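Heads up: the structure comes next, in structure tokens.
The values are calculated or read from the model by the stated rules, or taken from the named source; none is laboratory data. As the structure is a prediction and not an experimental result, all values here were calculated from the model. Don't worry about glycine lacking a Cβ; one is built from the backbone with ideal geometry, like all the others, and counts go over all protein chains shown. In case anyone asks, the SASA skips ligands and DNA or RNA and just uses the protein heavy atoms, side chains included. Shrake-Rupley method; radii C 1.70, N 1.55, O 1.52, S 1.80 Å.
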Amino acid sequence: MSAKEEILSRITSALRDAPIPEPIPREYRVSSDMPEAELVTLLVDRLEDYKAHVDVVDLPHLPSTLAERLKDATSFVVPHGIDAEWLVEAAPADSTRLRTDAPDAILSVTELDHTDAVLTSSAVSIAESGTIVLDGTPNQGRRAISLVPDHHVCVVPVSSIVQLLPEALPRMDITRPLTWISGPSATSDIELERVEGVHGPRQLDVIIVKGL
């Protein structure tokens with residue numbers, strides 16, 4: 001008998017006379033009918049409570065809003081699948097500020113560390129908890145690009161917002177590397193002194209886009 005088999009045999013023997021547990025009720029909500037406008041309002045409220053800066057704009061105003069949020073960055077990185085139309089004002093064709101992270105041109109951690117900001121899209125956002133999920137698809141990129149730069153600008157399509165976590169899960173591919181974001185990176189020590197930027201971006205700008 002192997003060690004594994006012996007351990008499992010002992011567990012089976014110990015539990016042989018244990019009572020069968022009662023079924024656990026699963027009565028939590030798995031869907032909602034909250035209107036779109038209320039979803040946006042709830043998500044904005046949660047994100048601002050987490051000290052994120054939030055803009056709500058129509059799709060035609062996205063390029064100018066991105067340019068405004070990235071104006072102080074001497075350089076910023078985007079995943080290779082980001083929509084080029086979003087960047088027409090933030091990074092014109094001759095811009096030297098823009099760095100693209102692609103499978104055939106992966107930026108090193110040192111290069112990312114010397115980059116001021118990152119721009120990504122997002123997969124799904126959960127209004128009730130104020131959580132944005134990135135799943136590594138081409139317009140969101142590798143986890144590293146959203147964790148190393150100090151400033152994250154994240155585009156959230158209104159169509160990707162749900163109220164509840166059970167509504168979000170079917171929209172995710174759980175085999176992909178998921179990054180769950182609820183505000184800027186922050187932690188507190190035993191004295192409850194809040195420190196931002198320890199585990200990720202110190203500044204989070206969220207742009208919620210209607211019509212996307």
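Some notes on this structure:
- 3J(HN,Hα) along region 66-71: 4, 4, 5, 5, 9, 5 Hz, from the Karplus curve 6.51 cos²θ - 1.76 cosθ + 1.60 with θ = phi - 60°, whole Hz, x for Gly and Pro.
- Extension gain, L165 to D58: 0.36 nm times the residue separation minus the Cα-Cα distance gives 36.0 nm.
- Accessible surface of region 39-171 [probe 1.4 Å, protein heavy atoms]: carbon and sulfur percent: 51 percent
- Separation between Cα centres of region 123-139 and region 1-77, rounded to whole Å: 8 Å
- A full extension of the chain between D45 and T74 corresponds to an added length of 7.4 nm, given 0.36 nm per residue minus the alpha carbon distance.
- Secondary structure note: in region 1-135, about 40% of the DSSP beta bridges are antiparallel.
- The mean sequence distance of close C-alpha pairs (under 8 Å, at least 6 residues apart), as a share of the length of region 86-212, puts its relative contact order at 27 percent.
- Sparse-neighbour loop sites [trypsin sites (Lys or Arg not before Pro); region 158-212; at most 16 other C-beta within 10 Å; DSSP]: R202
- Under 27 Å from K210, Cα to Cα: lysines that are on another chain or at least 8 residues apart: K51, K71
- Qualifying GluC sites (Glu not before Pro) for region 88-197 [loop in DSSP, other Cβ within 10 Å: at most 10]: E191, E193
- Loop-located trypsin sites (Lys or Arg not before Pro) in region 1-54, at most 11 other Cβ atoms within 10 Å (DSSP): R16, R26, R29
- Acute angle (nearest 10 degrees) that the helix 36-49 long axis makes with the longest principal axis of the chain, alpha-carbon atoms: 90 degrees
- Solvent-accessible ranking of H151, H80, largest area first, probe 1.4 Å: H80, H151
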